[in-house]
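Chemist: One structure is given below, represented as structure tokens, and several questions about it will come after.
Taken together, the values in this text are just the output of simple stated rules run on the coordinates, not laboratory data. Here the structure is a predicted model, which means the values were calculated and not measured. Glycine gets a Cβ as well: all are built from the backbone with ideal geometry, and neighbour counts include every protein chain shown.
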Amino acid sequence: MKYMDAHITWLTDYHDSDIDPYAKALDLGLPLAYGFVIPRALMHSTFLPIGVQQKLIPLFELAQHHSAHEIEHSQKLIHKIIEGIKIFPIFLRQIHTSYESLLEHERKYLRLHVTDLHRAHHILRHVYAPPPVSVRFLPNTPATLHCAGEQSLVHTIALLVIESLKKNLISGASPHVQSVLVQRMYNGQYSGYCDTTNTVRSMQNQLVVYGNAGARMLDEAGDMYIVDKENMQIIDKHVLTQPFKYTLKGAEYKKIALHEQDGDRQTLPDSLVLKVAYTAKDVEKKLYFPHRVHWTFENGLLYITKLRPL
């Protein structure tokens with residue numbers, strides 16, 4: 001079978017669909033976290049060529065009766081089929097080139113933004129090691145896998161394909177693979193999300209910023225700041241004790257315990273709360289509807305990590 005003429009796309013050049021939140025955010029100049037996209041055509045020609053589809057379709061037909069035994073048997077066969085696929089050399093070359101671009105983007109960032117040598121050395125610890133990346137389907141889905149370097153990236157993508165096909169199998173959908181987004185994992189000093197309308201009090205003239213120290217938003221605790229959308233001033237604060245924070249270790253986020261005095265005080269600086277609020281307000285203005293804007297603040301830069309309409 002002739003290999004499809006499809007190429008991996010840098011996220012800033014991704015325009016696969018007007019409804020895709022990543023494409024829209026980039027078109028509007030929002031500070032979205034960078035990465036690259038493996039287009040749907042490239043994914044299908046690599047993991048679902050005609051020969052593989054001919055093997056998979058009977059498995060989906062077998063599981064239409066929704067017998068637990070048949071579904072389990074089909075899932076095991078899906079693993080074997082995907083693992084037995086011969087990956088095209090051109091696909092591996094494109095993965096390598098795109099991965100190296102992530103590394104070069106890090107170096108450019110350091111040259112532009114970091115002047116303190118000690119701080120630059122601290123950041124460079126993960127630049128010259130393989131930068132960990134997250135892998136997910138587009139449009140953004142909860143299913144996300146992480147890997148520590150280029151060598152395991154193709155294997156991680158294959159695992160994601162298998163999980164997707166399993167879900168398709170159970171839901172009765174046909175074999176199908178979406179575009180895949182690969183992004184460098186962020187080790188933010190602060191993380192959280194902002195609702196561009198106060199849904200609890202049904203106040204459309206208020207933004208609500210949630211956040212905590214660390215690279216991920218905590219479910220257990222986090223500060224809440226209410227911002228007046230008209231004059232962009234903080235009008236209320238709710239500070240909760242933060243017992244720990246997440247920090248990036250290798251390709252995983254690890255819990256780090258905080259001292260009691262550190263966890264009891266206000267976490268986010270007021271300046272950062274307002275920076276998040278202004279960015280979220282800009283999102284709502286450009287996308288026309290209230291959104292939940294997930295964000296992280298790393299090395300002085302604010303990044304949007306996910307958008308979801310409210």
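Chemist: For the range 48-103, what is the convex hull (Cα atoms) projected area averaged across all directions, in square nanometres? Mind showing how you got there, number by number?
Modeler: On the way: hull surface 20.6 nm².
Dividing the Cα hull surface by four gives the mean projection, 5.2 nm².
Chemist: So, one more: Return the Cα extents of the range 255-310 along principal axes one, two and three, sorted largest first, each rounded to a whole Å.
Modeler: Projected onto its principal axes, the Cα set of the range 255-310 covers 42, 23, 20 Å.
Chemist: A follow-up question, please. Can you give the relative contact order of the range 190-309 as a percent, counting alpha carbon pairs under 8 Å and 6+ residues apart?
Modeler: Working: 259 pairs, mean separation 31.8, N = 120.
The value is 27 percent.
Chemist: Taking the beta-carbon count within 10 Å as an exposure proxy, list TRP10, TRP295 from fewest neighbours to most. Kindly include the intermediate steps, with their values, before the conclusion.
Modeler: Working: TRP10 14, TRP295 27.
Ranking TRP10, TRP295 by Cβ neighbours within 10 Å, fewest first, gives TRP10, TRP295.
Chemist: For the pair ASP219/ASP13, report the inter-label distance in nm, with labels modelled 7 Å from Cα in the Cβ direction.
Modeler: 4.0
Chemist: Here's a follow-up. Of ILE170, ILE304, how do they rank once you tally other Cβ atoms within 10 Å and put the fewest first? List each step's numbers first, then the result.
Modeler: On the way: ILE170 13, ILE304 23.
Placing the least packed residue first, the sequence is ILE170, ILE304.
Chemist: Find the eigenvalues of the gyration tensor of the Cα atoms of the range 190-309, then list the square roots of 5 times those eigenvalues as equivalent ellipsoid semi-axes, largest first, in whole angstrom.
Modeler: Values: eigenvalues 118, 54, 27 Å².
The three semi-axes for the range 190-309 are 24, 16, 12 Å.
Chemist: Which entries of LYS166/LYS306; LYS55/LYS76; LYS255/LYS275; LYS285/LYS306 have Cα-Cα distances beyond 20 Å here?
Modeler: LYS166/LYS306; LYS255/LYS275
Chemist: Quantify how much of the Cα-Cα distance distribution of the range 134-272 extends past 25 Å, in percent. Intermediate values should be presented prior to the final figure.
Modeler: Details: 4524 of 9591 pairs.
Beyond 25 Å sits 47 percent of the P(r) for the range 134-272.
Chemist: Another question, if that's okay. Expected output is a single nm value to one decimal: the length gained when fully extending between SER171 and GLN54, i.e. 0.36 nm times separation in residues minus the C-alpha distance. What is it?
Modeler: 40.2 nm is the gain from fully extending SER171 to GLN54.
Chemist: Okay, next question. Under a Cβ-Cβ cut-off of 12 Å, what is the net charge of the residues other than THR197 that fall near it, where Lys and Arg count +1 and Asp and Glu count -1?
Modeler: On the way: positive: ARG201, LYS229, LYS281, ARG292; negative: ASP195, GLU284.
Summing Lys/Arg as +1 and Asp/Glu as -1 gives +2.
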